[in-house]
Amino acid sequence: MNENISTVARVINKIPTENKNILLEIGDSTKKSLVFILNTNKKLLKKAKGVLTDDVIRVIGKAGGLDMIF
C-alpha cells in the first residue's frame, strides 16, 4: 500500500515486542488500527513509551496491509 496516512485516535492497548519495538492498538468509533513503532527511531520510541492507554494521539505514517500503520 505505502500511502501516507494521518489520524487521531484513542490508544486501546500498548504492546512492547520481544525486539523492543512498540505496537499500539488505536481506534475510534468507526475503526481500529495497529501502529508499529520501530526501535530504530529512538526519538519516536521515547515518545511512544510515554503513551498511556486511553490517551488520544495523532499518528502520521505509512499505511500497511491489515489496518497497520508504520
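The values are calculated or read from the model by the stated rules, or taken from the named source; none is laboratory data. This one's a predicted model, so the numbers in the text were calculated from it and none came from an experiment. Don't worry about glycine lacking a Cβ; one is built from the backbone with ideal geometry, like all the others, and counts go over all protein chains shown. For accessibility, only protein heavy atoms count, side chains too; no ligands or nucleic acids. Shrake-Rupley method; radii C 1.70, N 1.55, O 1.52, S 1.80 Å.
Let me know the shape class of the chain, please: from the alpha-carbon gyration tensor, a ≥ b ≥ c as square roots of the eigenvalues, rounded when a/c is under 1.5, otherwise prolate if a/b is greater than b/c, or oblate. Since a/c reaches 1.5 but b/c is at least a/b, the shape of the chain is classed as oblate.
The residues of the chain expose, per residue, 72 Å² of accessible area to a 1.4 Å probe. Local charge for K20 was computed over the other residues whose Cβ lies under 14 Å away, with Lys and Arg +1 and Asp and Glu -1, and equals +3. Summary value for the chain: 42 percent relative contact order, contacts being C-alpha pairs under 8 angstrom separated by 6+ residues. In the elastic network of the chain, a GNM with C-alpha springs shorter than 10 Å, the most mobile of T40, T30, T17 is T30.
E3 contributes an accessible area of around 100 Å² to the protein surface, as traced by a 1.4 Å probe with all chains present. Only the Cβ atoms of Lys and Arg (+1) and of Asp and Glu (-1) were treated as charged; on that basis the dipole of the chain about its Cα centre amounts to roughly 360 debye. Surface composition of the chain: carbon and sulfur make up 55 percent of the accessible area, probe 1.4 Å.
Taking θ as phi - 60° and the Karplus parameters 6.51, -1.76 and 1.60, the scalar couplings of the stretch 56-65 work out to 9, 10, 9, 10, 10, x, 10, 6, x, x Hz in sequence order, x denoting glycine and proline. Here the stretch 19-47 is scanned for amide nitrogen atoms under 13 Å from the site 7 Å beyond the Cα of D67 along Cα-to-Cβ, giving 25-35. Rounded to the nearest whole Hz, the Karplus-based 3J(HN,Hα) values (6.51 cos²θ - 1.76 cosθ + 1.60, θ = phi - 60°) of the stretch 8-16 follow the sequence 10, 7, 8, 7, 8, 7, 10, 10, x, with x at glycine and proline. Across the stretch 23-30, coupling constants 3J(HN,Hα) worked out from phi with the 6.51/-1.76/1.60 Karplus curve, θ = phi - 60°, read 10, 9, 9, 10, x, 9, 5, 10 Hz, and Gly and Pro carry x. Selection among G64, I26, N39 by position relative to the dipole of the chain gives N39 as farthest towards the positive end (Cβ unit charges, Cα centre). Of the candidates K32, K14, K46, which one comes out as most mobile in a Gaussian network treatment of the chain with C-alpha springs shorter than 10 Å? Per the Cα network of the chain with a 10 Å cutoff, K46 tops the list.
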